[in-house]
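In what follows, a single structure is set out as structure tokens and then discussed.
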Amino acid sequence: EADIYQTPRYLVIGTGKKITLECSQTMGHDKMYWYQQDPGMELHLIHYSYGVNSTEKGDLSSESTVSRIRTEHFPLTLESARPSHTSQYLCASSELGKATNEKLFFGSGTQLSVL
Amino acid sequence: KQEVTQIPAALSVPEGENLVLNCSFTDSAIYNLQWFRQDPGKGLTSLLLIQSSQREQTSGRLNASLDKSSGRSTLYIAASQPGDSATYLCAASNTGNQFYFGTGTSLTVIP
């Protein structure tokens, strides 16, 4: 079944550690996104990609990096985790094309806690 | 950039009632607008997408409308059920590249 997968589901880590949040999709979508969501707040775009070897920065990108070596895989890396990074991270994908195809599909999220 | 606002932040209704959730946006040059449902601790599930050229979309008991000139969208839920309890978010896109989300309306349907 076509879906979008995020691992780990929960992560507790100490300050200064390097972490990578994984996101894979079997939807066959070209576009992928990373969003950050705090409780009761709107989602903020961190990075997005149009396809292989394409990455673009969103509003909150300065402290993280992404790569898109394969269509189905879009990992997010924090080089040095800080308590301010504690949040829920959501990965999403959509087709590339007409407005009708831009429906976003989300993974279940990674809840990150940095101590 | 779109500023998206959803009012009220929380809503409680008895089971069986029809209800309307509101979403307003600041830039009428909208590409599309989506409504999502989010259950606690989970990701978002897309409910309806309305293109800029459309005025409404329907799926089962859900109907979403779009009025670009007034900068508003509504999500109508008919005959509400306890299983409809969740947070409902809207997101507006100007170019199809970036979606701007509201903070959501938390809906509780009381049996």
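Miscellaneous remarks
- When both bridge partners sit in the protein assembly as shown, DSSP labels roughly 90% of those beta bridges antiparallel.
- Using the Cβ-Cβ distance between A:Glu79 and A:Tyr50 with R0 set to 25 Å, the FRET efficiency works out to roughly 0.55.
- Computed from point charges on the beta carbon alone (+1 for Lys and Arg, -1 for Asp and Glu), the dipole magnitude for chain A about its Cα centre is near 240 Debye.
- On association of chains A and B, roughly 1800 Å² of accessible area becomes buried (total for both chains; probe 1.4 Å).
- The ratio of the alpha-carbon radius of gyration of chain A to the globular-protein estimate 2.2 N^0.38 Å is 1.01.
- For the residues of B:40-51, the average number of beta carbons from a partner chain within 10 Å of their own beta carbon is 5.
- Counted by Cβ distance under 14 Å from B:Thr87, the other residues give a net charge of -2, where Lys and Arg count +1 and Asp and Glu count -1.
- Just the protein heavy atoms count here, and of the accessible area of region A:1-60 at 1.4 Å, carbon and sulfur take up 50 percent.
- Neighbours of A:Gln25, meaning other residues whose beta-carbon lies under 9 angstrom from its beta-carbon, give a summed charge of -2 when Lys and Arg score +1 and Asp and Glu score -1.
- For A:Val12 and B:Arg72, a Förster radius of 35 Å and the Cβ-Cβ distance give a FRET efficiency of 0.25, rounded to the nearest 0.05.
- Share of carbon and sulfur in the accessible heavy-atom surface of region B:2-109 [1.4 Å probe, %]: 47 percent
- Computed with the Debye formula from one identical point scatterer per Cα of the protein assembly as shown, without solvent, the log10 of I(q)/I(0) at q = 0.14 Å⁻¹ comes to -0.87.
- Bridging of A:Lys103 to aspartates and glutamates at a Cα separation below 12 Å is possible for A:Glu95, once same-chain residues fewer than 8 apart are set aside.
- Reachable aspartates and glutamates, given that their alpha-carbon falls under 20 Å from the alpha-carbon of B:Lys42 and they are not under 8 places away in the same chain: A:Glu1, A:Asp3, A:Glu22, A:Asp38, A:Glu42, B:Asp84
- Net charge dipole, the protein assembly as shown: roughly 280 debye, given to the nearest 20, about the Cα centre with Cβ charges of +1 for Lys and Arg and -1 for Asp and Glu.
- 1.4 Å probe accessible area per residue over chain A, in Å²: 48 Å²
- Spin-label model distance (nm) - B:Leu19 vs A:Arg70, 7 Å beyond Cα toward Cβ: 4.2 nm
- Net charge, A:Tyr48 excluded, C-beta distance under 14 Å - Lys, Arg +1, Asp, Glu -1: -2
The values are calculated or read from the model by the stated rules, or taken from the named source; none is laboratory data. Note that the structure is a prediction, hence the values are computed from the model and not measured. Note: ideal-geometry Cβ built from the backbone for every residue, glycine included; neighbour counts use all protein chains shown. For the accessible areas, the whole protein counts, side chains as well, though only heavy atoms, and no ligand, DNA or RNA atoms are used. Shrake-Rupley method; radii C 1.70, N 1.55, O 1.52, S 1.80 Å.
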